[in-house]
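Trainee: First, the structure itself, so that you have it in front of you.
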Amino acid sequence: MPTVVWLGQHTSLRDRIPHVIPAADGDYKYEDAKWVYILFDWIEGETPCDKPLTRPQMAALAQIVAELHGFNRPIPTAASVMSETYAVPFFDGLMTRACHADGNIPGEYLNIIIKRLHQLSEASRIMPSLNLPLVLCHNDIHGWNVITQGDKLLLLDWEGLRFAPREADLFMFKYERYWGQRWDEFYHVYKRQHTGLDINETAMRFFQLRRRLDDVNEFINNIVLDNADDAVKAEAREALVRECGLLKTDCIVSAL
């Protein structure tokens, strides 16, 4: 949060990210014995979800991402930002479920999940040796985390902010269902600020695979742990099948 506040006060992103309303003591938060409170300005607009962005909206999003990726460690609030470790915290839990044929996972996908988990584990060991430059990355850019206001666009939900290779954000635009059909359109705007950029395909595929398997794990959790609502569970099962199906078709092996 200190970095989000700093970005909103001292950079050109100030009108394109949520504005934090400070507490009476000037801090970005207020705490009591039970809770931490953070207050934001209300943002009028629409959340596009799966609805395609217009060309100006996509250009606005590309500009936000390009601006964000222009910041690296020498910023005043760097100490408040985590750095990418390439860890796979869900590995043991998901591997156990797949190896024990968890009934919430369709049987036809058990082996592909196990195979992809092994690939991801190997890739996580390789990633540090690539020595990729770290920049500020949002780490969760999709249609539920933006609000559009005509041609203007704001990027929300910054709790995943960290220093990471730029590929941690870029893979969403090249490969994922929210923006993946419009990579050329996005990159045409993005590269104006990052000329001569070398995008590492191994990193792109690592972040894609980690996100895919993390989503698989979360959808299983939604079914097993989080919700008693049958409609919510049905939606989670549908999403789980979709993500497992994509695990079979993603072009991951050759890159990793």
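The values are calculated or read from the model by the stated rules, or taken from the named source; none is laboratory data. In this text, all values refer to a predicted model and were calculated from it rather than measured experimentally. Every residue, glycine as well, gets a Cβ built from its backbone with ideal geometry; the counts of neighbours run over all protein chains shown. Only protein heavy atoms, including side chains, enter the accessible area calculation; ligands, DNA and RNA are left aside. Shrake-Rupley method; radii C 1.70, N 1.55, O 1.52, S 1.80 Å.
Trainee: Exactly one condition in (1) in contact with a strand residue (DSSP E or B) (Cβ under 6 Å, 6 or more places away or on another chain); (2) open to solvent by 80 Å² or more (accessible area, probe 1.4 Å); (3) under 21 Å from ARG192 (Cα atoms) is false for GLN57; which is it?
Mentor: (2)
Trainee: A further question on this structure: What tally of residues in the stretch 87-111 results from selecting those that are of a type in the set (Val, Ile, Thr) and modelled with pLDDT under 95?
Mentor: Selection size over the stretch 87-111: 1.
Trainee: Name the residues in the stretch 126-159 that are closer than 21 Å to GLU176 by Cα and part of a helix (DSSP H, G or I), would you?
Mentor: Matches in the stretch 126-159: MET127 only.
Trainee: Return the residues of the stretch 97-125 that are part of a helix (DSSP H, G or I), open to solvent by less than 60 Å² (accessible area, probe 1.4 Å) and either among the aliphatic types (A, V, I, L, M) or more than 14 Å from LEU209 (Cα to Cα) (or both); say none if nothing qualifies. Walk me through it before giving the result.
Mentor: So in the stretch 97-125, the residues part of a helix (DSSP H, G or I) come out as 97-99, 107-125.
Next, from what is left, pick out any that are open to solvent by less than 60 Å² (accessible area, probe 1.4 Å): 97-98, 107, 109-110, 112-114, 116-117, 119-121, 123-124.
Correct list: ARG97, ALA98, GLY107, TYR109, LEU110, ILE112, ILE113, ILE114, LEU117, LEU120, ALA123.
Trainee: List every residue pair whose Cβ atoms lie under 7 Å apart, where the two residues are 6 or more positions apart in sequence or sit on different chains, the first residue falls within the stretch 179-201 and is under 11 Å from ALA66 (Cβ atoms) and open to solvent by 50 Å² or more (accessible area, probe 1.4 Å), and the second residue, located anywhere, is aliphatic (A, V, I, L, M) and part of a loop (DSSP other than H, G, I, E, B).
Mentor: Sorted first by the residue in the stretch 179-201, then by its partner, the pairs are LYS191/LEU197.
Trainee: Residues being assigned to a loop (DSSP other than H, G, I, E, B), open to solvent by 30 Å² or more (accessible area, probe 1.4 Å) and either in contact (Cβ under 8 Å) with a residue 60 or more places away in the chain or within 16 Å of LEU154 (Cβ to Cβ) (or both): count how many of those fall in the stretch 1-27.
Mentor: Number satisfying all stated conditions: 6.
Trainee: Go through the stretch 213-232 and give me each residue that's touching a helix residue (DSSP H, G or I) at 6+ places or on another chain (Cβ under 7 Å), at pLDDT 85 or above and farther than 17 Å from GLU84 by Cβ.
Mentor: ASP215, VAL216, ASN217, PHE219, ILE220, ASN222, ILE223
Trainee: Right, another one. Look at GLY93 and say whether it is in contact with a Cys (Cβ under 9 Å, 6 or more places away or on another chain), among the small types (Gly, Ala, Ser), within 17 Å of ARG211 (Cβ to Cβ) and touching a residue at least 24 places away in the same chain (Cβ under 8 Å).
Mentor: No: the conditions fail for GLY93.
Trainee: Looking at the stretch 65-96, which of its residues are part of a helix (DSSP H, G or I) and of a type in the set (Gly, Ala, Ser)?
Mentor: ALA66, ALA78, ALA79, SER80, GLY93
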